[in-house]
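**Q** This is the structure I want to talk about, given as structure tokens.
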């Protein structure tokens, strides 16, 4: 589990309609490789599925909250857990970036559907 404070990012994910928690964490010290992950995030006592992006150029650790419809959450303390690595970071833009995001999100939703179904039955 990775804990961190939500900081203001560049606002790029907003263009894709993904509420994003940019975390102020030293992910390199955690030994986590760069990539795109299916994950979960706890925010204000609620758990959300997340698409987590970790990259080093520029240095970022961000979690896109799936199903979040609230206001901004800058300054909030959150907990992120990585469930499965989905893909590597690729230097693409425009239509290729949109296609990659759509493909990654489809894979992430499958992982999250299984994760939340299993958790439901374990309670």
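The values are calculated or read from the model by the stated rules, or taken from the named source; none is laboratory data. Quick caveat, the model's predicted, so the values are computed rather than measured. Note that each Cβ is placed from the backbone with ideal geometry, even for glycine, and that neighbours are counted across all protein chains shown.
**Q** Answer yes or no as to whether residue 89 is surrounded by 14 or more Cβ atoms within 10 Å (Cβ to Cβ), outside any helix (DSSP H, G or I) and modelled with pLDDT under 95. Lay out the reasoning, then the answer.
**A** Working: surrounded by 14 or more Cβ atoms within 10 Å (Cβ to Cβ): yes; outside any helix (DSSP H, G or I): yes; modelled with pLDDT under 95: yes.
Yes.
**Q** Scanning the stretch 9-25 for residues that are modelled with pLDDT of 85 or more and in a loop (DSSP other than H, G, I, E, B), which turns out surrounded by the fewest Cβ atoms within 10 Å (Cβ to Cβ)? So that I can check it myself, show each step before the final result.
**A** Going through the stretch 9-25, the residues modelled with pLDDT of 85 or more turn out to be 20-25.
Restricting the remaining residues to those that are in a loop (DSSP other than H, G, I, E, B) gives 24-25.
Working: 24: 9, 25: 18.
Filtering the stretch 9-25 for residues that are modelled with pLDDT of 85 or more and in a loop (DSSP other than H, G, I, E, B), the one surrounded by the fewest Cβ atoms within 10 Å (Cβ to Cβ) comes out as 24.
**Q** Something else now. Do you know which residues across the stretch 26-37 are more than 18 Å from residue 97 (Cα to Cα) and either in a helix (DSSP H, G or I) or touching a residue at least 12 places away in the same chain (Cβ under 8 Å) (or both)?
**A** Keep residues of the stretch 26-37 that are more than 18 Å from residue 97 (Cα to Cα), which gives 26-33.
Across the stretch 26-37, the qualifying residues are 27, 28, 30, 32, 33.
**Q** Which ones in the stretch 68-110 are on the phi > 0 side of the Ramachandran plot and touching a residue at least 40 places away in the same chain (Cβ under 8 Å)?
**A** Kept after step one, since they are on the phi > 0 side of the Ramachandran plot, are these residues of the stretch 68-110: 75, 94.
Across the stretch 68-110, the qualifying residue is only 75.
**Q** So residue 46 fits all but one of (1) surrounded by 13 or more Cβ atoms within 10 Å (Cβ to Cβ); (2) on the phi < 0 side of the Ramachandran plot; what number is the exception?
**A** (1) is the only condition that residue 46 fails.
**Q** Collect the residues in the stretch 92-123 that are assigned to a helix (DSSP H, G or I), exposed (fewer than 12 other Cβ atoms within 10 Å of the Cβ) and modelled with pLDDT under 85, keeping them in residue-number order.
**A** 117, 118, 119, 120, 121, 122, listed by residue number.
**Q** Looking at residue 78, is it assigned to a strand (DSSP E or B) and surrounded by 11 or more Cβ atoms within 10 Å (Cβ to Cβ)? Talk me through it step by step, then tell me what you get.
**A** Details: assigned to a strand (DSSP E or B): yes; surrounded by 11 or more Cβ atoms within 10 Å (Cβ to Cβ): yes.
It is true that residue 78 is assigned to a strand (DSSP E or B) and surrounded by 11 or more Cβ atoms within 10 Å (Cβ to Cβ).
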